[in-house]
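Working notes for the structure below.
The values are calculated or read from the model by the stated rules, or taken from the named source; none is laboratory data. Keep in mind that this is a model prediction, so the values were computed, not measured. Cβ sites come from the backbone with ideal geometry, for glycine too, and all protein chains shown count toward neighbours. Ligands, DNA and RNA are excluded from the accessible area calculation, which covers all protein heavy atoms including side chains. Shrake-Rupley method; radii C 1.70, N 1.55, O 1.52, S 1.80 Å.
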Amino acid sequence: MKDIAVKQETAAQKTQTEQTITELPNVDILETPNDIQLMVEMPGVANEDANVTVENNVLTIEGNGNIEPPKGEYELLGREYSTCRYRRDFTLSDQVDADKIKAHMKYGLLRLIIPKRAETKTRKIEIAA
Amino acid sequence: MFNLAHYERNPWSLFDEIESLQSDINRNFTRWPWNMTSRSFKEAYPPVNVWASDDGIVVDAKMPGVDTKDVDLTVQGNELTIRVHADERVPSDGEIYHRRERVTGEYARTLRLPYYSNPETVKASYINGLLRITIPRAESDKPKKIAVEAA
């Protein structure tokens, strides 16, 4: 019985999440000789509310933050953003090693380092005289 | 009312300058209803939510990944200016940007607030890339109740 209750609750939460608007986060993609780096902007998302998953070569980045009104009797006077929830998918190439992705988050900026596979790293070839 | 007093964004390329000029033109033209749907209208940066009560204003700005030492906040009269000296993030040798959607370089935004405030009472915090600026209303700006005496 207890299990069912838990399941229902999660399903309700899921529907609620699905109904909430999400924003496409701004991303910088930098390629270096050894890796691909993604800088994903998710302001308002705490480190523990950011999720990065890889499934079937699709990298999914999600962040679930909330708009917190200030304490006191404040009313919203001007609104230029309506969500702190983000989601964006990227298809990964075979040339990167999805098992070795490193993620780091600071000040609402998620930094992902996706290493290239050894055989695809840039190599300098010496030209014989 | 809450309105934009001034908005500037330091461009990193000539194209952006043209774009910002275009957005300036668009902004002025949006006053006419037939231009309200202009798609090239560019949003001001950083985006803000403004909260108000009788005692003051709270401004929340979305500005992720900024070092607090690169942020200059000034309050003068009823104007708040947020100025950020962000890194240009120039790629080094062998590095290529495939996508650059984040704002680089220096940018600033000035908001005209509905109340006057005392700059010394203004507080700011930076949590998870959201900058929250709390601006209490100046005592001298608060409405004063005037007692009516019966003669």
Would you mind putting B:99-108, B:44-53, A:40-49 in packing order, based on average other-beta-carbon counts within 10 Å, highest first? A:40-49, B:44-53, B:99-108
Looking at region A:22-129, which trypsin sites (Lys or Arg not before Pro) are in a loop (DSSP not H, G, I, E or B) and have at most 11 other Cβ atoms within 10 Å? A:K71, A:R123, A:K124
Rounded to the nearest 500, what is the 222 nm mean residue ellipticity of chain A from helices alone, with -39500 (n - 2.57) per DSSP H run of 4+ residues and division by all residues? -4500 deg cm²/dmol
Using a 10 Å cut-off on Cβ to Cβ distances, tally the other chain neighbours for every residue of B:114-127 and report the average as a whole number. 1
Residues of region B:95-116 with the amide nitrogen closer than 11 Å to a label point 7 Å from the Cα of B:R83, along Cα-to-Cβ, please. B:107-109
Rounded to the nearest 100 Å², what is the sum over both chains of accessible area buried where B meets A, with a probe of 1.4 Å? 3400
For a 20 Å ceiling on Cα separation, which of these pairs sit above it: A:K106/B:K62; B:K69/B:K123; A:K71/B:K145? A:K71/B:K145
With all protein chains present, region A:66-113 has a carbon and sulfur share of its accessible area (1.4 Å probe) in percent of 42
About the Cα centre of region B:33-150, how large is the charge dipole given +1 on each Lys and Arg Cβ and -1 on each Asp and Glu Cβ? Please answer in debye to the nearest 20. 380
For the B:K123, A:I21 Cβ pair and Förster radius 35 Å, calculated FRET efficiency rounded to 0.05 is 0.70
Peptide A:109-117, shielding by other chains (average Cβ, 10 Å cutoff): 1
Once you have the Cα-Cα distance between A:R79 and A:L92, take 0.36 nm times their residue separation minus that, and quote the gain in nm to one decimal. 1.1 nm
With r as the distance between the Cβ atoms of B:D72 and A:N47 and R0 = 30 Å, compute the FRET efficiency 1/(1 + (r/R0)^6) and round to 0.05. 0.65
